[in-house]
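Accompanying notes for the structure given below.
The values are calculated or read from the model by the stated rules, or taken from the named source; none is laboratory data. Since this is a predicted model, take the numbers as computed values, not measurements. Every residue, glycine among them, receives a Cβ derived from its backbone with ideal geometry; neighbour counts consider all protein chains shown. Just so you know, the surface numbers come from the protein's heavy atoms only, side chains and all, with ligands and any DNA or RNA stripped out. Shrake-Rupley method; radii C 1.70, N 1.55, O 1.52, S 1.80 Å.
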Amino acid sequence: MATSLRSYKYLDALTTAFVVILLVSNLVAQKVCVVGPFDISGAIILFPITYIFGDVFTEVYGFAASRRAIWLGFFGTALLYGVASIVIALPAAPEWPNQKAFATVFGIIPRILVASLISFWAGEFANSYTMARLKLLTNGRKLWTRTIGSTVVGQAVDTTLVIILTFAGTYSIPTLIKIIYTGYLLKVAYEVIATPVTYLVINWLKRAEGADVFDRDKDFNPFRFATTETPSS
C-alpha cells in the first residue's frame, strides 16, 4: 500500500528553494545578456542550479521526492504567469505610469510559456530518471558519473525542446542548432564546475538526514505526485 514520503529535516526547505530559484529564473529569462562572445538569457545564472537540485533530491531522497519538487515547480511557474496575465489585463490606475514596463517584465508570449513548461518538465524528469538509474547501475559509487551524466541527458532534452518549441519557423535550422549547441554546452559546463559543491551538499545531507535512497523496483511514473512506497536505502 502506498504511504507518504518519509519525513526529512531539510527536504521541504530544499523544495521551497528549488521552486523559488525556478520562478526567479523565469522572471529574469527575458533579458538577453552579453557574456564574452555569447548572447545568453539571464536565466543561465540560476536555472542550471535547478538541475543540481534535481540531482540532490534523487540521490539523497529518491525519485519520488524529485518528482514532487518538479510538479510543484511546474504548477508554481504556471500560476506565476497565469496571475501575471490577469494583473496585466486589469486596467491600471490613471496615476500609475508603469503599465508598459510591468507588462514587459511580467508578460510572456503564450508560445514561450508553453515551451518553457514542457521543456522544464521533460528535462527535469529525464535528469532525475537518469540519475536514479545510474545510481543503481553504479551501486552508489562514482557520484560524478551520475551528476554529470544525468545533466548531459536532462539538459539535452530541455535545451532542444525549449529552443525548437520557441523559435521553430522563426530562425533557420542551422541557427537553431547553433543556439541549442551553445546553450547546452554552457549548462553542462555549469554542472561540471559545480560538481565539487554538489558532492559536499549531497554528502552532508546524507549524513544529516540518515538517507541514501536507491530506487530499486520503484514506480518511475512521472504523473504520480504526493505518495509513494517508502524507498529503500
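I'd like to compare 193-199, 208-214, 86-92: which one has the highest average count of other Cβ atoms within 10 Å, and what's the full order after that? Could you put the intermediate results ahead of the total?
Working: 193-199: 14.0, 208-214: 16.9, 86-92: 10.9.
So the order, starting with the most tightly packed, is 208-214, 193-199, 86-92.
What is the extension gain from ASN98 to CYS33, computed as 0.36 nm multiplied by their sequence separation minus the C-alpha to C-alpha distance, in nm to one decimal?
21.1 nm
Which stretch or stretches of segment 56-72 have amide N atoms under 14 Å from the point lying 7 Å from ALA208's Cα along the Cα→Cβ direction?
The answer is 56-57, 60-61.
Could you work out which residue, out of ALA115, ALA64, ALA13, moves most in a Gaussian network model of the chain, that is, has the largest mean-square fluctuation with Cα springs under 10 Å?
Residue with maximal mean-square fluctuation among ALA115, ALA64, ALA13: ALA13.
When ligands, DNA and RNA are left out and all protein chains stay put, how many square angstrom of accessible area per residue does the chain have with a 1.4 Å probe?
Value returned for the chain: 52 Å² of accessible area per residue.
So, with +1 on the Cβ of K and R and -1 on the Cβ of D and E, and no other charges, what is the size of the charge dipole of segment 114-191 about its Cα centre, to the nearest 20 debye?
That gives a dipole near 360 debye.
What size of dipole, in debye to the nearest 20, comes out for the chain about its Cα centre when the only charges are +1 on Lys and Arg C-beta atoms and -1 on Asp and Glu C-beta atoms?
300 debye
Report, to the nearest whole %, how much of the accessible area of the chain belongs to carbon and sulfur atoms, 1.4 Å probe, protein only.
Details: 8590 of 12110 Å².
Its accessible area is 71 percent carbon and sulfur atoms.
Given the Cα-Cα distance of VAL197 and ALA17 and 0.36 nm per residue of separation, how much length would full extension add, in nm?
On the way: separation 180, 0.36 × 180 = 64.80 nm, distance 1.65 nm.
Separation in residues times 0.36 nm, less the Cα-Cα distance, equals 63.2 nm.
Go through SER119, THR159, ALA189 and say which Cα lies farthest out towards the positive end of the charge dipole of segment 115-204; charges sit on Cβ, +1 for Lys and Arg, -1 for Asp and Glu.
About the Cα centre, the residue reaching furthest to the positive side is ALA189.
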